[in-house]
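Visitor: One structure, pasted below without further comment.
The values are calculated or read from the model by the stated rules, or taken from the named source; none is laboratory data. Just so it is clear, the model here is predicted, and its values are computed rather than measured. Because the Cβ atoms are built from the backbone with ideal geometry, glycine has one as well, and the counts that use them run over all protein chains shown. Note: accessible area is taken over every heavy atom of the protein model, side chains too, but ligands, DNA and RNA are not part of it. Shrake-Rupley method; radii C 1.70, N 1.55, O 1.52, S 1.80 Å.
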Amino acid sequence: MRTDKNSLQALIFTGLFAAIIYIGIWVLRIPVPAMVGRPFIHFGNTLTAVAILYLGYRNGMIAGIIGLGGFDLLNGYVATSWLTMLEVVVVATVLSLIFKGMNYQDSKKNIIILGIVAGVTKIFTTYCVSIVEALMVGTSLQVAYVGAFVSLLATVINSISTAICTPILYFALKDATRVIMKKAK
C-alpha cells in the first residue's frame, strides 16, 4: 500500500489490521502444554507480518502492538503483554530492515524470504520472552533456559504457518486492494 503513513487511508488500514490480528488470535486459539507460559497456536503472528509488509514499519508495528498486545491485555496475559508488544517491535524492525535492503521489491521470492525471516525471528523472540517469563516467576537462569527451549512447540508451529501463510496472504491482499482501488476510481 505504502501511502502517507498519516493519511486517513493508512490510519483506517492500521485499525483494520489491528482488529483482524486480534480476531485472528481470538477465533483460532489451540492451547499447547508447556513448562513456561501458556502458549497456543494462532494466526496473529502471520497477520502481523502481513501488516508490517503491507503498511510499512510504523503502521504495521502499531497494528501488531494493538492486535497482539490488546489480545493479551483482554485475555489474561496482562503481566506479560509488554513482552508481546516488544516482540512486535523486534519483528517489525527485522522485517522492515530486510525489506528495505531488498529495495521494497515485493517479488514472490522476496516475500517468501520475509515470511521465513518473520517465523525465525518469532522463534528467537519467543525463546527470549519465555526466559524472562520463567525468571519473573522465580526460576533460576539455567532452568529458565531449558524450560523456554522445551516450551517452543507452539512457537515453531506458529512460525511454520507464518512462513507459509505470509506470502499467500500478502499477495491475496495486494491483489484484492488493486481491484478495490480500481473500482473506487
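Visitor: State which residue pairs qualify: first residue within 11 Å of residue 126 (Cβ to Cβ) and without any contact (Cβ under 8 Å) to a residue 12 or more places away in the chain and inside region 140-154, second residue assigned to a helix (DSSP H, G or I) and not β-branched (Val, Ile, Thr) in any location, beta carbons under 8 Å apart, and separation of 6 or more residues or different chains.
Guide: Short answer, once both residue conditions are applied: none.
Visitor: Counting only residues that are of a type in the set (Ser, Thr, Tyr) and not in a loop (DSSP other than H, G, I, E, B), which one in region 71-112 is modelled with the lowest pLDDT? Write out each step before concluding.
Guide: Taking region 71-112 first, the residues of a type in the set (Ser, Thr, Tyr) are 77, 80-81, 84, 93, 96, 104, 107.
Filter once more, keeping what is not in a loop (DSSP other than H, G, I, E, B): 80-81, 84, 93, 96.
Values: 80: 91, 81: 94, 84: 95, 93: 98, 96: 97.
Here the answer is 80.
Visitor: I've got another one for you. Name the single residue that is nearest to the chain's Cα centre (by Cα) among those in region 75-97 being more than 16 Å from residue 113 (Cβ to Cβ), touching a residue at least 40 places away in the same chain (Cβ under 8 Å) and open to solvent by less than 30 Å² (accessible area, probe 1.4 Å).
Guide: 88
Visitor: From the residues in region 3-29 that are hydrophobic (A, V, I, L, M, F, W, C), open to solvent by 40 Å² or more (accessible area, probe 1.4 Å) and over 17 Å from the mean Cα position of the chain (by Cα), which one is farthest from residue 131 (Cα to Cα)?
Guide: 8
Visitor: Moving to a separate point now. Select from region 116-154 the residues that are outside any helix (DSSP H, G or I) and of a type in the set (Val, Ile, Thr) and write down the one among them that is most open to solvent (accessible area, probe 1.4 Å). Please lay out each step first, then the result.
Guide: Residues of region 116-154 that are outside any helix (DSSP H, G or I), as a first pass: 137-140, 151-152.
Checking which are of a type in the set (Val, Ile, Thr) leaves us with 137, 139.
Numbers: 137: 118, 139: 50 Å².
Per the criteria, the residue is 137.
Visitor: Just checking, does region 63-82 include any residue being of a type in the set (Asp, Glu) and touching a helix residue (DSSP H, G or I) at 6+ places or on another chain (Cβ under 7 Å)?
Guide: Taking region 63-82 first, the residues of a type in the set (Asp, Glu) are 72.
Those still in the list that are touching a helix residue (DSSP H, G or I) at 6+ places or on another chain (Cβ under 7 Å) too: 72.
Yes, there is a match, as at least one residue in region 63-82 is of a type in the set (Asp, Glu) and touching a helix residue (DSSP H, G or I) at 6+ places or on another chain (Cβ under 7 Å).
Visitor: Return yes when residue 164 is open to solvent by 90 Å² or more (accessible area, probe 1.4 Å) and under 23 Å from residue 29 (Cβ atoms) and no when it is not. Show your work before the answer.
Guide: Values: open to solvent by 90 Å² or more (accessible area, probe 1.4 Å): yes; under 23 Å from residue 29 (Cβ atoms): yes.
Criteria met by residue 164.
Visitor: Among the listed residues 66, 157, 62, which satisfies the condition of being touching a strand residue (DSSP E or B) at 6+ places or on another chain (Cβ under 7 Å), under 19 Å from residue 26 (Cα atoms) and assigned to a helix (DSSP H, G or I)? First the steps, then the outcome.
Guide: Working: 66 fails: touching a strand residue (DSSP E or B) at 6+ places or on another chain (Cβ under 7 Å); 62 fails: touching a strand residue (DSSP E or B) at 6+ places or on another chain (Cβ under 7 Å).
Criteria check complete, one pass: 157.
Visitor: Still on this structure, please answer the following. Could you please tell me which pairs satisfy a Cβ distance under 7 Å, a separation of 6+ or placement on different chains, a first residue in region 162-184 that is aliphatic (A, V, I, L, M), and a second residue that is open to solvent by less than 50 Å² (accessible area, probe 1.4 Å)?
Guide: From region 162-184, the pairs are 163/115; 163/119; 169/46; 169/50; 173/50; 173/54.
Visitor: Please determine, by comparing only the residues of region 51-65 that are in contact with a Gly (Cβ under 8 Å, 6 or more places away or on another chain) and not small (Gly, Ala, Ser), which one is surrounded by the fewest Cβ atoms within 10 Å (Cβ to Cβ).
Guide: Looking at the filtered set, the residue picked out is 54.
Visitor: Quick one: what pairs do we get from region 105-120, first residue in contact (Cβ under 8 Å) with a residue 12 or more places away in the chain and at negative phi, second part of a helix (DSSP H, G or I) and charged (D, E, K, R), C-beta under 8 Å, 6+ apart or different chains?
Guide: 106/174
Visitor: Hey, residue 100 hits all of (1) over 13 Å from the mean Cα position of the chain (by Cα); (2) surrounded by 16 or more Cβ atoms within 10 Å (Cβ to Cβ); (3) more than 22 Å from residue 164 (Cβ to Cβ) but one; which does it fall short on?
Guide: (2) is the only condition that residue 100 fails.
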